[in-house]
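Colleague: My questions all concern the structure below.
The values are calculated or read from the model by the stated rules, or taken from the named source; none is laboratory data. Remember, predicted model here, so these are calculated numbers, not experimental data. Note that we place each Cβ from the backbone using ideal geometry, even for glycine, and neighbour counts take in every protein chain shown. Each accessible area value is taken on the protein alone, full model and side chains, heavy atoms only, with ligands, DNA and RNA left out. Shrake-Rupley method; radii C 1.70, N 1.55, O 1.52, S 1.80 Å.
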Amino acid sequence: MIHATGLTRTFTTKTATVDAVRGVDLDVSPGEIVGFLGPNGAGKTTTLRMLTTLLRPSGGTATVAGHDLTTEPTEVRRRIGYVPQGGSVGPAALIGEELELQARLYGLGLPAARERVTELLDRLGLTALAARPAASLSGGQRRRVDIAMGLVHRPGLLFLDEPTTGLDPRGRADLWDDIRRLRAESGLTVFLSTHYLDEADALCDRVLIIDAGRIVSEGEPEALKSGIGPGATLDDVFLAVTGRALREEAAA
Amino acid sequence: MTALIMARHYVRVTMRNKLALVFGALQPVLYLVLFGPLFARSGAGSWNVLVPGLLVQLGLLSAGMSGFGIVFDQRFGVLERLRVTPAGRMSLLLGRVLKDTLVLLIQAAGLILLGYAFGLRAPLPGVALGLLLVLLLAVSLSSMSYALALTLNQDLFAPIMSTVLVPLLLLSGALLPMSLAPGWLDVVSRLTPFRYVVEALRAFFAGGYTSADALVGTGVTLAFVVAGVAVGTRRFQHENA
Ligand SMILES: Nc1ncnc2c1ncn2[C@@H]1O[C@H](COP(=O)(O)OP(=O)(O)OP(=O)(O)O)[C@@H](O)[C@H]1O
Ligand SMILES: [Mg+2]
């Protein structure tokens, strides 16, 4: 589903150049749920934005959902959904209207778009909020709107950038259930970044740990933990591969 | 097609906020009401000379500032959400531009009607041609405005744009014809594009549909449309847009 080799991205600002991603190799199989773990600034969002055609890689190649990232970006876009870290609707926008627009941009006709939006709103518990401006929603509700945006065209591959940040424990558990259910129903492949090790542990078939732009470890959560020792947690794994505790980074 | 879907969405959003439509046209309307009567008696020209100028002023202010909207879309992640869909990059731009052009059409029609109430007496075909030219101008200005908004520092767009538009407006002769200008000002004015648009509009309003002014101004506007859409689309394709 995703095959990337040597992805790099360098940002040039007025004062400095930042090597945000320094040679990332990735392979994600259809139907997998893969977690992308790393501290602040590790390069998670940058990698996701490259894989979703939003940012041109400085180097490396990738095939996403069967199509080459740089030569067939439109084909890639048709097949993927993306839920960005920072939100996707303006404060004054009515969420029902925005979702309808999004569905139509993916090629659905007006009746089909409306039907799909109704269904999605219902599924994500947003029906009562359809005519409300985004500014009037709670953080968790807004997050669910972002997720609806990424699912509106039933993509086969979904990229989620810290999807559960800002959700309460119940909201997180619900989202995990939703992701598992989508995978079970339609074989959805999911690539999600997170700071939460328990999330990776509970949801992901496999995790990749990225630090300073490089993948420093990867494997099934169980295998990674047992590699450290009996009773180890993903925190311990993280500490062992990066020399730092993720919790401190996330708190910093 | 996609551009129409986008435009329909933006029109829906705009119509919810009709007051903004009125405010966008307020400045030329104030000139018409509070400056027009002076202008008409000053010997500088009739209402047929002033109204075309105010239409260009409207175009510059309304379409020229339209990039402001995208600054917010960029800040709130809306732009990335649109860019991750398969929609053509040019459609993403043209949808907005179409909406801006429609807004301008409504505003310009209102301004012209108001002009008639005050004493404008231009032939209808000339007014229609003039309106068309202003709409073309809006297409180019709005495209360039988006391109600039995506290029400039977000906080700088509004101050820079409004500062750039004022001299261009003054130099176009929209408010007072450049025939009154001293030689040096006339020369500087001829180096700016909107002068030709204003003169073409005045020619249309005077019934000179194939006069040199009309043809040159139309040519300049069309060149602007091509350049504006090309620059805008390029900017929308750019990875950081
Ligand atoms: N547009 C940009 N210009 C300059 N530097 C950038 C840009 N975008 C990201 N960076 C830098 O690239 C590095 C990686 O950023 P990225 O957003 O990918 O991190 P992340 O892993 O998603 O972090 P977080 O967990 O905080 O979301 C950071 O050092 C960041 O400052
Ligand atoms: Mg990030």
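Colleague: In chain B, what percent of the accessible surface is made up of carbon and sulfur (1.4 Å probe, ligands and nucleic acids excluded)? Don't skip to the answer; put the middle values down first.
Modeller: Numbers: 7470 of 10200 Å².
Taking all protein chains in place, chain B shows 73 percent carbon and sulfur surface.
Colleague: Once neighbouring chains are kept in place and the probe is 1.4 Å, which whole percent of the accessible area of chain A is contributed by carbon and sulfur? Walk me through the numbers before you get to the answer.
Modeller: Numbers: 5350 of 10440 Å².
Carbon with sulfur: 51 percent of the solvent-accessible area.
Colleague: Ranked highest first by average number of other Cβ atoms within 10 Å, how do B:130-139, A:56-65 line up? If you can, show how the numbers build up before the last one.
Modeller: Values: B:130-139: 23.1, A:56-65: 18.4.
Packing order, densest peptide first, comes out as B:130-139, A:56-65.
Colleague: OK, next. Between B:Thr221, B:Thr210, B:Thr101, find the one with the highest GNM mean-square fluctuation for chain B; connect C-alpha pairs within less than 10 Å.
Modeller: B:Thr210
Colleague: Still on this model: Check each of the trypsin sites (Lys or Arg not before Pro) in segment B:1-73 and keep only those in coil by DSSP with at most 15 other C-beta atoms within 10 angstrom; list them in order. If you can, show how the numbers build up before the last one.
Modeller: On the way: sites: B:Arg8, B:Arg12, B:Arg16, B:Lys18, B:Arg41; in loops: B:Arg16.
For trypsin sites (Lys or Arg not before Pro) across segment B:1-73 that sit outside H, G, I, E and B with at most 15 neighbouring Cβ atoms in 10 Å, the list reads B:Arg16.
Colleague: Then there is this: DSSP beta bridges in chain A, what fraction antiparallel, as a percent rounded to 5?
Modeller: Values: 22 of 40 bridges.
In chain A, DSSP labels about 55 percent of beta bridges as antiparallel.
Colleague: Hey, which lysines would be in cross-link range of A:Lys14, C-alpha to C-alpha under 30 Å, not counting anything within fewer than 8 residues on its own chain?
Modeller: A:Lys44
Colleague: Also: In segment B:52-155, which trypsin sites (Lys or Arg not before Pro) fall in coil by DSSP and have 14 or fewer other Cβ atoms within 10 Å? Present the calculation step by step, with values, prior to reporting the outcome.
Modeller: On the way: sites: B:Arg75, B:Arg81, B:Arg83, B:Arg89, B:Arg96, B:Lys99, B:Arg121; in loops: B:Arg121.
Passing both the DSSP loop test and the Cβ count: B:Arg121.
Colleague: Right, another one. I want to check the label-to-label distance for B:Leu4 and A:Thr118. Put each point 7 Å from Cα in the C-beta direction and report it in nm to one decimal.
Modeller: In this crude label model, B:Leu4 to A:Thr118 measures out at 2.4 nm.
Colleague: Oh, and also: Please give the average number of partner chain Cβ atoms lying within 10 Å of the Cβ of each residue in A:85-94, rounded to a whole number.
Modeller: Details: counts 1, 4, 6, 8, 5, 8, 2, 5, 5, 3.
Mean shielding count: 5.
Colleague: I've got another one for you. Using +1 at the Cβ of each Lys and Arg and -1 at the Cβ of each Asp and Glu in the protein assembly as shown, identify which of B:Gln27, A:Thr5, A:Leu120 lies farthest towards the dipole's positive end.
Modeller: B:Gln27
Colleague: In nm, to one decimal, how far is the modelled label at A:Ser29 from the one at B:Ala227, with both set 7 Å along Cα→Cβ?
Modeller: In this crude label model, A:Ser29 to B:Ala227 measures out at 5.8 nm.
Colleague: Counting heavy atoms of the protein chains only and a 1.4 Å probe, report the per residue accessible area for segment A:105-252 as a whole number of Å².
Modeller: Working: 6590 Å² over 148 residues.
On a per-residue basis, segment A:105-252 sits at 45 Å².
Colleague: Just to make sure I understand: if all protein chains stay in place, what is the order of A:Arg170, A:Arg181 by accessible area at 1.4 Å, largest first? The partial results should precede the final answer.
Modeller: Numbers: A:Arg170 160, A:Arg181 105 Å².
Accessible-area ranking of A:Arg170, A:Arg181, largest first: A:Arg170, A:Arg181.
Colleague: Under 19 Å Cα to Cα from B:Lys99, which lysines show up? Leave out anything in the same chain fewer than 8 places away.
Modeller: B:Lys18
Colleague: Which whole number gives the average, over all residues in B:68-74, of C-beta atoms from other chains lying within 10 Å of the residue C-beta? The partial results should precede the final answer.
Modeller: Working: counts 0, 1, 0, 0, 3, 3, 0.
Other-chain Cβ atoms within 10 Å of each residue's Cβ, averaged: 1.
Colleague: Moving on. Please list, by residue number, every one of the trypsin sites (Lys or Arg not before Pro) in segment A:1-64 that is coil in DSSP and has at most 11 other beta-carbon atoms within 10 Å.
Modeller: Numbers: sites: A:Arg9, A:Lys14, A:Arg22, A:Lys44, A:Arg49; in loops: A:Lys14.
Answer by residue number: A:Lys14.
Colleague: Please work out the average accessible area per residue across segment B:29-89, using the 1.4 Å probe convention, and give it in Å². Each step should come with its number before you reach the end.
Modeller: On the way: 2020 Å² over 61 residues.
Result: 33 Å² of accessible area for each residue.
Colleague: Hey, got the dipole for segment A:2-251? About the Cα centre, +1 on K and R Cβ, -1 on D and E Cβ, debye to the nearest 20? Spell out each step's value before the answer.
Modeller: Details: 28 positive and 33 negative charges, 151 e Å.
In debye, rounded to 20, segment A:2-251 gives about 720.
Colleague: Then there's this: At a 1.4 Å probe, which residues in segment B:79-97 are at least 10 Å² less accessible with all protein chains present than in their chain isolated?
Modeller: B:Glu80, B:Arg81, B:Leu82, B:Arg83, B:Val84, B:Thr85, B:Pro86, B:Ala87, B:Arg89
Colleague: Also, quick follow-up: How far apart, in nanometres, would the label points at B:Leu38 and A:Thr5 be if each is projected 7 angstrom from Cα along the Cα-to-Cβ direction?
Modeller: Rounded to a tenth, the inter-label distance reads 7.3 nm.
Colleague: While we're on this one: Compute the accessible area of each residue in segment A:53-79 twice, once for its chain alone and once with every protein chain present, using a 1.4 Å probe on heavy atoms, and list those whose area falls by at least 30 Å².
Modeller: At a threshold of 30 Å² (probe 1.4 Å), the residues of segment A:53-79 that become less exposed are A:Leu54, A:Arg56, A:Arg77.
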